[in-house]
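The values are calculated or read from the model by the stated rules, or taken from the named source; none is laboratory data. These numbers were taken from a predicted model, which means no experiment stands behind them. Note that each Cβ is placed from the backbone with ideal geometry, even for glycine, and that neighbours are counted across all protein chains shown. All accessible areas refer to the heavy atoms of the entire protein, side chains included, with ligands and DNA or RNA removed. Shrake-Rupley method; radii C 1.70, N 1.55, O 1.52, S 1.80 Å.
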Amino acid sequence: MPELRGRGLARAAMQAALAHCGDAPILLFANERVLDFYPRFGFAPAPQSLFALDWLAHPEPTQAPALDLADPSVRAAFLRAAASARPVSQRFGARDYGRTATWYAANGYASPLHRLDEDVWVFAQTEDGVLTIEDVFAAAPVDWPAAIGRLIDQPIRELRFGFTPQRDWPRARVLGEEADAGLFVRNLTTGSLPSRFPLLART
């Protein structure tokens with residue numbers, strides 16, 4: 001609200017949040033209007049890598065359904081699966097962040113959500129022969145050669161990833177860095193971080 005600007009409320013809120021977090025690593029995403037705000041509190045910008053892998057596949061007759069997290073029963077089932085899912089990446093992963101993922105979906109930042117089975121949920125979309133897998137929630141390793149065809153509605157030639165994919169796709173290559181990621185970190189020593197789903201919501 002314009003009438004509240006200039007009173008130091010954002011600074012006070014940030015100081016309170018940092019006091020609560022202590023020395024724990026913190027990451028957040030900033031929009032372009034506040035890129036100069038977070039460095040005042042010890043945050044540093046961090047690059048995010050984009051990964052890809054050549055992969056030829058055709059759609060399977062039985063497709064994994066795309067589900068709407070606005071449906072309470074779908075959301076409850078997804079959150080149960082997310083609570084027991086293993087980190088999607090060995091390099092930079094998190095556990096039990098299903099509620100953060102639902103925020104991204106509700107605000108239009110996520111690809112469609114597909115359920116491969118009761119315990120495997122994937123945010124993914126296909127465009128121009130490329131399947132982008134943004135995030136995976138699975139308690140056990142996924143049989144990707146069998147799963148890919150159920151996630152696509154057109155032939156593909158390439159996979160792209162919203163996370164560091166070396167565990168399941170060790171031959172994935174780095175395409176480059178995402179120029180406008182807006183990722184900031186504090187108390188976290190890191191090189192290039194995976195794209196897309198962060199642990200905290202955008203500001």
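Scanning residues 5 or more positions from residue 48 or on other chains, those with amide H under 5 Å from its amide H are 178, 193, with H placed 1.01 Å from N in the peptide plane.
For the chain, the solvent-accessible area with a 1.4 angstrom probe is 55 square angstrom per residue.
Counting protein heavy atoms only, segment 1-120 has 54 percent of its accessible area on carbon and sulfur, 1.4 angstrom probe. With the largest listed first and rounded to whole Å, the semi-axes of the equivalent ellipsoid of the chain from the Cα gyration tensor are 33, 19, 16.
For the chain, modelled as a Gaussian network with Cα springs under 10 Å, which listed residue fluctuates most, 44, 82, 105? Of 44, 82, 105, the most mobile in the Gaussian network model is 44. Take every Cα pair under 8 Å whose residues are at least 6 apart in sequence, average their separation, divide by the length of the chain, and the relative contact order is 38 percent. Take every Cα pair under 8 Å whose residues are at least 6 apart in sequence, average their separation, divide by the length of segment 84-180, and the relative contact order is 28 percent. Evaluated on segment 41-120, the Kirkwood hydrodynamic radius is 15.2 Å, with distances taken between all distinct Cα atoms. Peptides 146-156, 167-177 ranked from most to least packed give 146-156, 167-177, packing being the mean of other C-beta atoms within 10 angstrom over each peptide's residues. Put 36, 117 in order of accessible area, highest first, and with a 1.4 Å probe you get 36, 117.
The heavy atoms of residue 38 offer some 20 square angstrom of accessible surface to a 1.4 angstrom probe. Principal axis extents of the C-alpha atoms in segment 96-170 (largest first, rounded to whole Å): 32, 27, 23.
Relative contact order, percent, of segment 1-119 when contacts are C-alpha pairs under 8 Å separated by at least 6 residues?
Details: 50 pairs, mean separation 25.4, N = 119.
Relative contact order here is 21 percent.
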